[in-house]
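The values are calculated or read from the model by the stated rules, or taken from the named source; none is laboratory data. None of these values were measured; they are calculated from a predicted model. Glycine gets a Cβ as well: all are built from the backbone with ideal geometry, and neighbour counts include every protein chain shown.
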Protein chains: 2
Amino acid sequence: MLIANEKSGKQGIRAVAARAGVSTATVSRALNNPDAVSASLRARITQAIDALGYIPHAPARILSSRRSRTLGAIVPTIDNTMFARGIASLQHYLSSVGYMLFLTTSGYDLEVELQQARNLISRGVDGLVLRGDCHHEGLRKLLADNAVPFINVGIYQPNRPYPCVGTNNEAAAHRAASHVIELGHRRIGIVSALQRNNDRASARVAGFRRALAEHGLDLPPQWHVEVPYTLDDAREAARHLLNLRERPTAVVCGNDVIAYGVLLEAERSGFSVPGDLSVVGFDDLDWSRHLRPSLTTIRVPTDETWQRAGEYLVRSLAGEQTIMHREIDFSLIVRESTAPPPAALK
Amino acid sequence: MLIANEKSGKQGIRAVAARAGVSTATVSRALNNPDAVSASLRARITQAIDALGYIPHAPARILSSRRSRTLGAIVPTIDNTMFARGIASLQHYLSSVGYMLFLTTSGYDLEVELQQARNLISRGVDGLVLRGDCHHEGLRKLLADNAVPFINVGIYQPNRPYPCVGTNNEAAAHRAASHVIELGHRRIGIVSALQRNNDRASARVAGFRRALAEHGLDLPPQWHVEVPYTLDDAREAARHLLNLRERPTAVVCGNDVIAYGVLLEAERSGFSVPGDLSVVGFDDLDWSRHLRPSLTTIRVPTDETWQRAGEYLVRSLAGEQTIMHREIDFSLIVRESTAPPPAALK
DNA sequence: GCCTAGGATGTAACCGTTTTCAAGTCTCGT
DNA sequence: ACGAGACTTGAAAACGGTTACATCCTAGGC
């Protein structure tokens, strides 16, 4: 006859409870709310945990508590310095408050983004960090149906009903274009990033255009080129602009990679920057100030932006009231790549 | 009097089952093993799922099936092009086979890495992707105790008992140094990445040194500098080398970022590359071929490396036999930044 | 026509936590 | 000395799936 004894088959929290001579409830409390259990028991439990090498099973915990202390993020690509830095910053912040991050990429494909969102919700994330406000229709419904808090990062849209945090790209681009206009340029070209499914890129283009329009400047179609995020494509675009019969004396670029490409191609074609051509970038990447000539550009505090996004969600989840639309300041960094246009072409 | 009826409080799979008029077991099968359920039922179930907007709850699934179809990865930092690309590639592969990736960073801190591993195991990952073989003692024990499959990425160590996939950094660095030696250089400096907790960096240094030693070349201590992964630090190192009374005619660098810094500083100091100084990089980043002069460097197929790491784990988990140590080929890309040393200094 | 093998489906016991609720123990003020 | 709270603690029911096992059908083989 068997006496109902402690079977050795126990696992997880029950094994710890058995070894410490307490109930599973107490172990759970010792882990999640240490103050609720007496010091002596707490010590016994801690010791049992160490002895057993116990690691709590997060899925079980999530299942039973309906909270995962995990956020999901969907970015177009991780292979872009700005996003990589942003994610790093977000992750750093989240881990400092005991949260984890589930990262996925969409490749600028709205369908994929929607699918990834389903994935993440399925995974039990408490909230979602999204890039921009350009989403699949079904995504909003999905988020609403499942009551998943989220925030749009990298844009500033105070008039929309969705939370967001980021710089005002339109205003920043306007500032960049105004800079070369103030230097005296009248013939200004644009090399932007691809605008499709990318509200950040299109906001920048809008800002550039508004600045030109405000000064009554023309933008012939052939002076506006859109390129993917590679040096090769940027160089090709620059070659196109520089080979035009009527070529611009300044080029404003959708990001620093493009600007670098323009710089390279200008040099190769024998144009001096800023003597013959002024170039403005956007983002202020690490190497931009090291270029020859160093790059005039717009600095965007990416790290802060993404951290704020994390803060917003964490606070919302904690029930705190937080501001829905947060603007992150940009600044124009004037360096060597911009100057007044050549006298002959003023 | 109430008849025991379908309560509206049902959730998840039970709600789907009720609506489709089947048992939860059947719904589960329809989801995980569609062939096991008749076409008619499958259709009813699919319809119920759509109607309800049902999203399976992954934690519950993991809890009961003891498999998460999720891998964890711990990299030193995401803010380094090579890692960012690697992760992107790994993630892409994993999603193509229905797996997800949990990504965390350690900041080259072994304690943090260990903690992250605990985190990931707690999360229920089926396997772990680690950078290199330089880990905390406790990590191996942790992995063994919990029977978690793992692989060391970015190094090649056929003699160690742990699975790994990557290029032979020692050999690649040896090749790089041999290249400048073959060009006639006898005075060769090294600017390496920080070697602490970084077996990739130290393998490269070892390779450089072996090549020098094999040709009886001296490496005075002041000709070997270690720097963090930034242009500023690389430039400072270059300044140091170029200001020496006896300065090297060639510099081999631990990565392309360092090489770029050396290029920039050489230009600023009025040294011509490769006329006065030859420079070799390592990694072949996207922009390396665009530099002036374009950079001689070692190409490392990062994408393939990380994808292979994913393949190894996925296959192992599927019970397939796979090779433990896989070497990924590197290649020397000779461009403009290397040439024979100035005649006077041969 | 009967027996059996095998496929389709349902029943219900888990998976490892958290959490509600009840019970037990202290601490005090009166 | 006693009862009201305030704390600790434990028992057991969720949480939302999977899966071993039982059951029911159906189609063949004899």
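Values for this structure:
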read-out: Some residue of the stretch B:150-171 being over 14 Å from the mean Cα position of the chain (by Cα), at negative phi and within 14 Å of another protein chain (Cβ to nearest Cβ); value: no
read-out: Residue match in the stretch A:117-125 (condition: at pLDDT 95 or above and over 14 Å from B:A58 (Cβ atoms)); value: no
read-out: All positions within the stretch B:9-43 that are at positive phi and over 41 Å from the mean Cα position of the chain (by Cα); value: B:G21
read-out: Single condition B:D79 does not satisfy, out of (1) within 10 Å of chain A (Cβ to nearest Cβ); (2) at pLDDT 95 or above; value: (2)
read-out: Answer residue from the stretch A:47-80, given it is away from DNA strand C (no atom under 16 Å from the Cβ) and in contact with a Phe, Trp or Tyr (Cβ under 8 Å, 6 or more places away or on another chain) and is nearest to A:R131 (Cα to Cα) among those; value: A:V75
read-out: From the options A:R210, A:R200, A:R175, residue that is touching a His at 6+ places or on another chain (Cβ under 9 Å), touching a residue at least 40 places away in the same chain (Cβ under 8 Å) and assigned to a helix (DSSP H, G or I); value: A:R210
read-out: The stretch A:108-120: number of residues that are within 13 Å of chain B (Cβ to nearest Cβ) and either surrounded by fewer than 22 Cβ atoms within 10 Å (Cβ to Cβ) or among the basic types (K, R) (or both); value: 6
read-out: Residues located in the stretch B:219-229, provided they are surrounded by fewer than 16 Cβ atoms within 10 Å (Cβ to Cβ) and away from chain A (no Cβ under 14 Å); value: B:P220, B:P221, B:Q222
read-out: Single condition A:F83 does not satisfy, out of (1) more than 30 Å from B:S106 (Cβ to Cβ); (2) of a type in the set (A, V, I, L, M, F, W, C); (3) more than 16 Å from DNA strand C (Cβ to nearest atom); value: (1)
read-out: Filter pass, B:I74 being within 11 Å of DNA strand D (Cβ to nearest atom) and either within 24 Å of the chain's Cα centre (by Cα) or among the β-branched types (V, I, T) (or both); value: no
read-out: Any hit, the stretch A:178-193, residues being basic (K, R) and within 28 Å of the chain's Cα centre (by Cα); value: no
read-out: Residue list for the stretch B:53-71, filter: more than 10 Å from DNA strand D (Cβ to nearest atom) and surrounded by 16 or more Cβ atoms within 10 Å (Cβ to Cβ); value: B:S68, B:R69, B:T70, B:L71
read-out: Residue in the stretch B:280-290 that is within 16 Å of the chain's Cα centre (by Cα), more than 24 Å from B:L183 (Cβ to Cβ) and among the aromatic types (F, W, Y) present; value: no
read-out: Test: residue in the stretch A:135-150 that is under 18 Å from A:T70 (Cα atoms) and aromatic (F, W, Y); value: yes
read-out: Which listed residue, of A:R123, A:R175, A:R131, A:R204, is among the basic types (K, R) and surrounded by fewer than 24 Cβ atoms within 10 Å (Cβ to Cβ); value: A:R175
read-out: Some residue of the stretch A:95-105 being away from DNA strand C (no atom under 16 Å from the Cβ) and touching a His at 6+ places or on another chain (Cβ under 9 Å); value: yes
read-out: Test: residue in the stretch A:2-12 that is more than 16 Å from DNA strand D (Cβ to nearest atom) and either within 14 Å of chain B (Cβ to nearest Cβ) or of a type in the set (A, V, I, L, M) (or both); value: yes
read-out: Which listed residue is within 26 Å of A:A171 (Cα to Cα) and outside any loop (DSSP other than H, G, I, E, B), from A:R326, A:R315, A:R335; value: A:R326
read-out: Test result for B:R44, over 21 Å from B:A117 (Cβ atoms), surrounded by 15 or more Cβ atoms within 10 Å (Cβ to Cβ), away from DNA strand D (no atom under 14 Å from the Cβ) and not acidic (D, E); value: yes
read-out: Test for B:R61: is it basic (K, R), in contact with an Asp or Glu (Cβ under 8 Å, 6 or more places away or on another chain) and within 11 Å of chain A (Cβ to nearest Cβ); value: no
read-out: Tally of residues being under 10 Å from B:A171 (Cα atoms), over 21 Å from the mean Cα position of the chain (by Cα) and crowded, with 20+ Cβ neighbours inside 10 Å across the stretch B:207-218; value: 2
